[in-house]
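Asks: I have a structure here, written as structure tokens, and I will follow up with some questions on it.
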């Protein structure tokens, strides 16, 4: 195989609220951490052990605004994207690195009404798919979602 692949798929829980950063040209990015956990039994001791990994997620523009509106700390989400490592200089001049997941697609997995977000109301969409590579939500995804919603719920959706 001559090509390469940079693809990440995660299901985890938000560790914090979505932090937004707005730029002068009108674009924005949202950042939030998600935790994934693995539980296993140690064969030697018989003890159950849980390990947790933290992943920094980046979403852009309309996807970032949707995440900020509908996600809160503790919510479960499926994220699909690619890994990107950034390099920068900290305050003391040391070179620092950070590996992030640049989200290309995500699905909210926390059922409606069970969100942990403090500012959310009952209009949180259930299992919402968004393709963050396209700032406008596609008509096909919109039509699939509307068919499962009542007329009153259609008005509350961000797309």
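The values are calculated or read from the model by the stated rules, or taken from the named source; none is laboratory data. Keep in mind that what you see is a predicted model, and the values were worked out from it rather than measured. A quick note on method: Cβ atoms are made from the backbone with ideal geometry, for glycine too, and the neighbour counts reach across all protein chains shown.
Asks: With part of a helix (DSSP H, G or I) and surrounded by 10 or more Cβ atoms within 10 Å (Cβ to Cβ) as the only criterion, which of 66, 11 stands out? Don't jump to the end; show me each part of the working.
Replies: Details: 11 fails: part of a helix (DSSP H, G or I).
Matching residue, one of 66, 11: 66.
Asks: Restricting attention to the stretch 2-27, and to residues there that are under 12 Å from the mean Cα position of the chain (by Cα) and free of Cβ contacts under 8 Å to residues at least 60 places away in the same chain, which single residue is nearest to residue 105 (Cα to Cα)?
Replies: 18
Asks: Sticking with this structure for a sec: Restricting attention to the stretch 126-141, does a residue exist that is on the phi < 0 side of the Ramachandran plot, at pLDDT 90 or above, in a strand (DSSP E or B) and in contact with a strand residue (DSSP E or B) (Cβ under 6 Å, 6 or more places away or on another chain)?
Replies: For the stretch 126-141, residues on the phi < 0 side of the Ramachandran plot, at pLDDT 90 or above, in a strand (DSSP E or B) and in contact with a strand residue (DSSP E or B) (Cβ under 6 Å, 6 or more places away or on another chain): absent.
Asks: Restricting the first residue to the stretch 97-115 and requiring it to be on the phi > 0 side of the Ramachandran plot, which pairs with a second residue that is crowded, with 17+ Cβ neighbours inside 10 Å and assigned to a loop (DSSP other than H, G, I, E, B) meet a Cβ separation below 8 Å and a spacing of at least six or different chains?
Replies: Between residues of the stretch 97-115 that are on the phi > 0 side of the Ramachandran plot and residues that are crowded, with 17+ Cβ neighbours inside 10 Å and assigned to a loop (DSSP other than H, G, I, E, B), the close pairs are 113/124.
Asks: Restrict the check to the stretch 28-47 and report whether at least one residue is assigned to a loop (DSSP other than H, G, I, E, B) and in contact (Cβ under 8 Å) with a residue 24 or more places away in the chain. Full working, then the answer.
Replies: The first filter runs over the stretch 28-47 and keeps only residues assigned to a loop (DSSP other than H, G, I, E, B), leaving 42-47.
From what is left, the residues that are in contact (Cβ under 8 Å) with a residue 24 or more places away in the chain are none.
The answer is no, given that none of the residues of the stretch 28-47 is assigned to a loop (DSSP other than H, G, I, E, B) and in contact (Cβ under 8 Å) with a residue 24 or more places away in the chain.
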